[in-house]
Amino acid sequence: AEVPARIPTGGLLQVTSSGNLSWKDLQPVQTLREHKDAVLSVAFSPDEKLAVTASRDRTVRLWAMPSGRLVHTVLLSAGASPIHHACFSSDSRHFVVSAGKSVYLWQARNRKVLGVLDHQEDVTMATFSPDSQTLLTSSAAGTAKWWDVVTRKGLLVLEGHTSLVSSVEFFPNGKFALTGSWDGSAKLWDLEARNPAAIATLDSESMLNPILKAVVSPDGAQALLCYDDGTATLWDVNHALEVHLQAAQGVKPWPWVRLWRAMFGTWHTVLMDHHKGMVMSAAFSRNGRFALTASADQSVVLWCLRTSDPVAWLNGHTDKVSSVVISRSGRWALTGSWDKTAMLWDLQELGVDELVSAMS
């Protein structure tokens, strides 16, 4: 069948690797080896001068980029829980570390702890808003929470999932959020609503497996959901947000919108089925046309989202790949693995025209 010029809204496509695909192998330019246990989370600072890695060995390490030089190691106390996640603020001044039931807020320049946010259950993830003024955290309690960074007080609790919330992200405008859960659904949230409730739920009868990661594209138009059965689904969320905003303004959907919802019901568009193990993480390219998926099968795959084809394999890890991110410029990718390493990749070496043009 002819590949559509763009991803159709509402249709579900099954994608598998075929024998005539031309794969490109990419080797890491740096391997970061200091951790003594699995690397569960990796992140770039937005200015791309630093990277942070978080490990089950209860350390967070800061690295100079792209040299890979170890800059600093943060060691949590012996009684602390393993570290689940770490990320930088949008202004590169702070980073947060989630371990057990606590979220630690650090100053990146002098590596001082500025405060601790405590949950009643284990925290799975913490992420900064685009303006670095607030935080979103997700937890094993099935909830996500919105925090003020300065006062370190909770602003909202997002309730609606029926199992552990594995992932939470802001949309680029900072007004909406996306959560993914082990209950097999992802939810869109309006953070400016007086009584926050999910404005849309991304799920389907065929996709009821736990979601391990949910990410939003840089333009906020798409969401990528990673499942424990080796699949990832791409969703057109822009339509859902438009319908919500129109309803908030008292505008009724056009008849074709009601017909579209009656026909398709949900907003998912593409199913990627290539990995042989859990898809543990994903990241969009800068222009949203490509995505990386990282899997428990030790592979990291670069996908062209326009054609739904895999175009490259990042070859190097020898155990589950738990985390993948792409730098703000789009040139660099960083992966973390249960093989106790993190790897830095230069995506420009692939020579993929659309990917390279997105970096300029």
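The values are calculated or read from the model by the stated rules, or taken from the named source; none is laboratory data. This is a predicted model, so every value here is computed, not measured. We place every Cβ from the backbone using ideal geometry, glycine too, and count neighbours over all the protein chains shown. To get the accessible areas, we keep the full protein, side chains included, count just its heavy atoms, and leave off ligands, DNA and RNA. Shrake-Rupley method; radii C 1.70, N 1.55, O 1.52, S 1.80 Å.
What is the distance, in nm, between label points placed 7 Å from the Cα along the Cα-to-Cβ direction at D118 and at D47?
My value for the distance between the label points is 3.4 nm.
Could you state the number of Å between the C-alpha centres of region 79-99 and region 142-211?
Each part reduced to its Cα centre gives a spacing of 19 Å.
In terms of the ratio Rg/(2.2 N^0.38 Å) built on C-alpha atoms, what value belongs to region 42-92?
Normalised Rg, Cα atoms only: 1.15.
With every protein chain kept in place and ligands, DNA and RNA left out, what is the accessible area per residue of region 110-196? Probe 1.4 Å, answer in Å².
For region 110-196, the solvent-accessible area averages 43 Å² per residue.
Give me the one-decimal nm value for the distance between modelled label points at V150 and N209, 7 Å along each residue's Cα-to-Cβ direction.
Calculated label separation equals 4.5 nm.
When we measure straight from the Cα of K36, which lysines land under 16 angstrom away, once same-chain ones fewer than 8 places off are left out?
Of all the lysines, those that pass the test against K36 - Cα under 16 Å, at least 8 places apart if same chain - are K320, K340.
Which loop-located GluC sites (Glu not before Pro) does region 115-190 contain, where loop means any DSSP state but H, G, I, E or B and the Cβ has at most 16 other Cβ atoms within 10 Å?
Passing sites in region 115-190 are E121.
Of all the accessible heavy-atom surface of region 44-194, with the other protein chains kept in place and a 1.4 Å probe, what percent is carbon and sulfur?
46
Rounded, prolate or oblate, given the Cα gyration tensor of region 50-169, with a/c below 1.5 counting as rounded?
It is prolate, given that a/c is not under 1.5 and a/b is the larger ratio.
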